[in-house]
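What follows is a short report on a single structure.
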Amino acid sequence: MDSDIFFIFTVIIAISIIIYAYLKKKIDISAVLASGIVGIVVLLTLGERWNLIYLVVGFFILGNLVTKYKYSVKKKRRVAEGVRTFRNVFGNGGAATIYSLLFFLTNSQALLSGILGAMATAAADTFATEIGQAHEKNPRLITNLKRVPVGKSGAVSVPGLIGSLLGSGAISIVPVILGSNFMIFFIGIISGFIGCIIDSIMGATFERKIIDKHMTNFVATMAGGLIAVILSSWFEIFI
């Protein structure tokens, strides 16, 4: 497919997905605007690598799909995700935007891996939450492994950990599909999984005391992105 046509096709797809999510009341108008800002910044700062916007688009699609997984069970347990706002968008997509801006300013190829690591972390955390809460009534707090109620910040479970690997893996395959070295898949899945663990640790220690869950997500995705940048630079494997 011609690159210009592919670009236009991508923009149409992205806009359509956002509008669909809004009409289905998955996101509110603030999330629509925030998603537009994230998308525009990423597209404008990545230059010839604009197709990495599919890391963000992929997360948006997968995140909404996994939210539907056993939704009735999660609703019964009172942990079902409600309408998402701009806070959700910037909590999950803010780090990728920052790494995109840093790439624009430095042209460092390793920073492109930062986008991957950030979105892999966001996907890992989302999958871990949605799958874990659907399957485990009494998860364990990551800091002391004591049983806690489902929905507790920092809670982990075996189904949730498996979900985190599925989420980070689903995002990490995107650059491979786009033509990157297959080894980048492992950098993505490792950084996403570790980023998800960082999210849980922060959730157990700081969340609801110093910061909210959206700031927790932002810090964790920044950390996941940094891990990917370090691994990419160390092994000289770039997107």
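Can you confirm whether segment 144-160 contains a residue that is free of Cβ contacts under 8 Å to residues at least 40 places away in the same chain, under 23 Å from Ile61 (Cα atoms) and in contact with a Ser or Thr (Cβ under 9 Å, 6 or more places away or on another chain)?
There is at least one residue in segment 144-160 that is free of Cβ contacts under 8 Å to residues at least 40 places away in the same chain, under 23 Å from Ile61 (Cα atoms) and in contact with a Ser or Thr (Cβ under 9 Å, 6 or more places away or on another chain).
Any residue at all in segment 178-188 that's surrounded by 17 or more Cβ atoms within 10 Å (Cβ to Cβ) and under 26 Å from Arg84 (Cα atoms)?
yes
Just checking, which of Arg87, Arg77 is of a type in the set (D, E, K, R) and either over 18 Å from Thr121 (Cβ atoms) or over 14 Å from the mean Cα position of the chain (by Cα) (or both)?
Arg77
Working carefully through the options Thr67, Thr106, Thr143, find the one that is within 21 Å of the chain's Cα centre (by Cα) and of a type outside the set (Phe, Trp, Tyr).
Thr67
For Tyr54, are the conditions met, namely being touching a helix residue (DSSP H, G or I) at 6+ places or on another chain (Cβ under 7 Å), over 23 Å from Thr121 (Cα atoms) and surrounded by 16 or more Cβ atoms within 10 Å (Cβ to Cβ)?
Spelling it out, it is not the case that Tyr54 is touching a helix residue (DSSP H, G or I) at 6+ places or on another chain (Cβ under 7 Å), over 23 Å from Thr121 (Cα atoms) and surrounded by 16 or more Cβ atoms within 10 Å (Cβ to Cβ).
Return the residue satisfying two criteria in turn: it lies in segment 68-96 and is among the β-branched types (Val, Ile, Thr) and touching a helix residue (DSSP H, G or I) at 6+ places or on another chain (Cβ under 6 Å), and of such residues it is surrounded by the most Cβ atoms within 10 Å (Cβ to Cβ).
Val89
Taking the conditions exactly as written (assigned to a helix (DSSP H, G or I), more than 25 Å from Ser172 (Cα to Cα) and under 19 Å from the mean Cα position of the chain (by Cα)), does Ser30 satisfy them or not?
yes
Could you tell me which numbered condition Val148 fails, if it satisfies all but one of (1) on the phi > 0 side of the Ramachandran plot; (2) in contact with a strand residue (DSSP E or B) (Cβ under 6 Å, 6 or more places away or on another chain)?
Among (1) on the phi > 0 side of the Ramachandran plot; (2) in contact with a strand residue (DSSP E or B) (Cβ under 6 Å, 6 or more places away or on another chain), Val148 violates only (1).
List the residue pairs whose Cβ atoms are under 7 Å apart, where the first residue sits in segment 198-220 and is closer than 17 Å to Lys146 by Cα, the second is among the β-branched types (Val, Ile, Thr) and assigned to a loop (DSSP other than H, G, I, E, B), and the two are 6 or more positions apart or on different chains.
Ser200/Ile142; Ile201/Ile142; Ile201/Thr143; Ala204/Ile142; Ala204/Thr143; Thr205/Thr143
Consider Ala134 against the criteria (1) in a helix (DSSP H, G or I); (2) at pLDDT 95 or above: it satisfies all of them except one. Which criterion is unmet?
(2)
Taking Phe185 as meeting all but one of (1) closer than 20 Å to Gly63 by Cα; (2) in contact (Cβ under 8 Å) with a residue 60 or more places away in the chain; (3) not in a loop (DSSP other than H, G, I, E, B), write down the number of the exception.
Failed condition: (2).
The values are calculated or read from the model by the stated rules, or taken from the named source; none is laboratory data. Predicted model only: the values in this text are computed from it and were never measured. Counting neighbours? That spans all protein chains shown, and the Cβs are built from the backbone with ideal geometry, glycine included.
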